Amino acid sequence: MQEQFPELMDWLERHPVSYTVLALAALITLAWVANWLTKHILLRSVNQALKATSLAHEPEVKALRVISRLAHVVPALVLTWGIQTVPELPEAVVTVVQNVCGAFIVLTLALALANVLDLVNTLWQKRADAVQRPIKGYVQVVKIGIYALAAILMIATLVDRSPLILLSGLGAMAAVLMLIFQDTLLSLVASVQLSSNDMVRVGDWIQMPQIGVDGGVVDIALHTVKVQNWDKTITNIPTKRLISDSFRNWRGMTESGGRRIKRSVYLDQQSIRFLTDAEAQALSRFDVLTDYLSAKETELAEWNARAPGSERDVVNRRRVTNVGIFRMYVERYLRRQPGIHQAMTLMVRQLDPTSDGLPMEIYCFTNTTEWVAYEGIQSDIFDHLLAILPEFGLRVFQHPSGADLRTMVGVAPAPVAATAPDIAPERASAMAARPATP
């Protein structure tokens, strides 16, 4: 073996190209082996050490994989040091390989530091006081500084110049670039913020009332975001406006699977009253109220039996009201509707009385976010509620119309013109001659 080695070296010296190829192959193999050893031995050792700490059960630590990023530095260092030992390799090639490996190491370290900052922010958010003192903004500022410094070092390494020389030249150049490409730079920064914070995606429904935008995002470019409004018009929004101005993104509603109904029925307050026992008993024919009225009757009977003066006068007793029974009816009616999302907030409440009556608000969510289906479910619910109100002795409040005023002064309202072909002329004349109802 010792005798064959000098012969091999003599052969390689007489064939420099083969010598260079074999040396490069050996160097690449050594870098691959170093990468494999680092990931399969060093990473396993680190994971075993982490299992003994409280971070072992944190899913964020496993997802960020900071150590695996740092492992890429080892093969880059092997290539940086080993490329100098390859014989007959041009000096320019050695310099390029070393510069590229140096820039790669800087990039890897910057990404690893950014991941460490993300981990710090994630662990901070688990604290009880994280809501009052968030650090996400500070983390983002530090990450921007890291990325800017890494970019300068990478450029300096690639061009094989000192970073100080690069910084001195960037000062005047930055002033000129910001003056000429101000809008482009602002749009670029806005685009990076929109994508990194996942603020807008293609297909999102956004609203910006200050500029009349209400529709779906169809395209996101560097300078503009194109939105197709519900009337099929197209609005182009400058990208920087989505950072400087507020807007509403309905993506959360779409992803939740429920769309909110928040609408009121205005009740005439003069129709609100106590119910007699007979009237309350009559309402028990509603299937959704049977068990409620039975339990309520027992509760009121027990309370009135203990209340002083309940036998002397009815005003000393607790009684049910038609508006209270109606509120319970609406809530139970919604609980049985197949189009209502039962896992989300559902309530029926009274708002402050107004000059337009007592608002009875329905607050719930449909189990679909599709617009047409949502409007159909909402309309069906309020069709039923408006029609069922007289059963509870309640009236919907509305301002007097022209027909109401004519009735009050004893003038017959103007007849409605008959447009249907099945109304005979003599029947239409009789309807028009009918006296007004007092």
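The values are calculated or read from the model by the stated rules, or taken from the named source; none is laboratory data. What you see is a predicted model; the values in this text were computed from it and never measured. Quick reminder, even Gly has a Cβ in these numbers, built from the backbone with ideal geometry, and neighbours come from all protein chains shown.
Counting the residues of segment 234-245 that are exposed (fewer than 14 other Cβ atoms within 10 Å of the Cβ) and in contact with a strand residue (DSSP E or B) (Cβ under 8 Å, 6 or more places away or on another chain) gives 3. Using the structure shown, decide if N367 is more than 30 Å from L300 (Cα to Cα) and in contact (Cβ under 8 Å) with a residue 24 or more places away in the chain. Yes: the conditions hold for N367.
Has segment 195-207 got at least one residue that is exposed (fewer than 12 other Cβ atoms within 10 Å of the Cβ), at pLDDT 80 or above and closer than 18 Å to I144 by Cα? Before the answer, list the steps.
At the first step, the residues of segment 195-207 found to be exposed (fewer than 12 other Cβ atoms within 10 Å of the Cβ) are 196-198, 202-203.
If we keep only those that are at pLDDT 80 or above too, we end up with 197-198, 202-203.
Narrowing the set further to residues that are closer than 18 Å to I144 by Cα leaves 197-198.
Yes - at least one qualifying residue is present in segment 195-207.
Out of everything in segment 344-355 that is closer than 14 Å to R263 by Cβ and assigned to a loop (DSSP other than H, G, I, E, B), what residue ends up being farthest from the chain's Cα centre (by Cα)? Checking each candidate, the answer is L351.
Among residues of segment 242-262 being touching a helix residue (DSSP H, G or I) at 6+ places or on another chain (Cβ under 7 Å) and touching a residue at least 60 places away in the same chain (Cβ under 8 Å), the one that is nearest to T369 (Cα to Cα) is R259. Evaluation of R248 against the conditions (1) closer than 30 Å to N367 by Cβ; (2) surrounded by 15 or more Cβ atoms within 10 Å (Cβ to Cβ); (3) touching a strand residue (DSSP E or B) at 6+ places or on another chain (Cβ under 7 Å) shows that the sole unmet condition is (2).
If you go through segment 86-99 and keep only what is touching a helix residue (DSSP H, G or I) at 6+ places or on another chain (Cβ under 7 Å) and either assigned to a helix (DSSP H, G or I) or exposed (fewer than 15 other Cβ atoms within 10 Å of the Cβ) (or both), you end up with P87, E88, V94, V97, Q98, N99.
Applying the condition of being crowded, with 17+ Cβ neighbours inside 10 Å and not in a loop (DSSP other than H, G, I, E, B) to segment 283-298 and asking which residue is nearest to the chain's Cα centre (by Cα) yields Y292. Residue check: Y363 meets all listed conditions (1) part of a strand (DSSP E or B); (2) not assigned by TED's automatic domain parsing to the domain that holds A301 but one, namely (2).
Exactly one residue among D129, D118 is part of a loop (DSSP other than H, G, I, E, B) and closer than 30 Å to I243 by Cα, and that residue is D129.
Residue-by-condition table, conditions (1) crowded, with 17+ Cβ neighbours inside 10 Å; (2) more than 30 Å from V93 (Cβ to Cβ); (3) under 31 Å from the mean Cα position of the chain (by Cα):
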{"position": "N115", "(1), (2), (3)": "yes, yes, yes"}
{"position": "V142", "(1), (2), (3)": "no, yes, yes"}
{"position": "L149", "(1), (2), (3)": "no, no, no"}
{"position": "T157", "(1), (2), (3)": "yes, no, no"}
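In the set (1) assigned by TED's automatic domain parsing to the domain that holds R327; (2) over 28 Å from the mean Cα position of the chain (by Cα); (3) buried (at least 16 other Cβ atoms within 10 Å of the Cβ); (4) among the hydrophobic types (A, V, I, L, M, F, W, C), F397 fails one condition alone, (1). Within segment 307-327, the presence of a residue that is buried (at least 18 other Cβ atoms within 10 Å of the Cβ) and among the hydroxyl-bearing types (S, T, Y) is excluded. For segment 201-257, a residue qualifies if it is assigned to a loop (DSSP other than H, G, I, E, B) and under 16 Å from the mean Cα position of the chain (by Cα), and the qualifying residues are R201, V202, G203, D204, S246, F247, W250, G257.
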